[in-house]
Amino acid sequence: NAVFDPIEKEWIGENKGIAPDIEVRQDAKSLAAGIDPQLEKAVEVLLNQIGDSQGDDMTPPAFSTPAKLDRP
């Protein structure tokens, strides 16, 4: 079942999905060989965003005190 969008003036339907930020070609040969091009690209992009810091300046927050449950 398609639905008409009066604002965009186009027919829309289910399972259209979200357009990716980074397009990666997904081919059956790579997947059969156990290679996931989408995952590899995601790791590459994230490693570039992290840069050289590698978390050296990161300090984890202190743990909060867990709540105590009053049980009979």
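The values are calculated or read from the model by the stated rules, or taken from the named source; none is laboratory data. Since the structure is predicted, the reported quantities are computational estimates derived from the model, not experimental observations. Virtual Cβ from ideal backbone geometry, glycine too; neighbours counted across all protein chains shown. Accessible surface areas use protein heavy atoms only, side chains included; no ligands, DNA or RNA. Shrake-Rupley method; radii C 1.70, N 1.55, O 1.52, S 1.80 Å.
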Tally the residues that are assigned to a loop (DSSP other than H, G, I, E, B), modelled with pLDDT of 80 or more and within 22 Å of the chain's Cα centre (by Cα), restricting the search to region 34-72. 3
The one condition in (1) modelled with pLDDT of 90 or more; (2) among the small types (Gly, Ala, Ser); (3) part of a loop (DSSP other than H, G, I, E, B) that residue 30 fails to fulfil: (3)
On the basis of being modelled with pLDDT under 85 and under 19 Å from the mean Cα position of the chain (by Cα), does residue 18 make the cut? yes
Could you please tell me which pairs satisfy a Cβ distance under 7 Å, a separation of 6+ or placement on different chains, a first residue in region 40-64 that is within 24 Å of residue 21 (Cα to Cα), and a second residue that is modelled with pLDDT of 90 or more and open to solvent by less than 90 Å² (accessible area, probe 1.4 Å)? 41/22; 41/24; 45/22
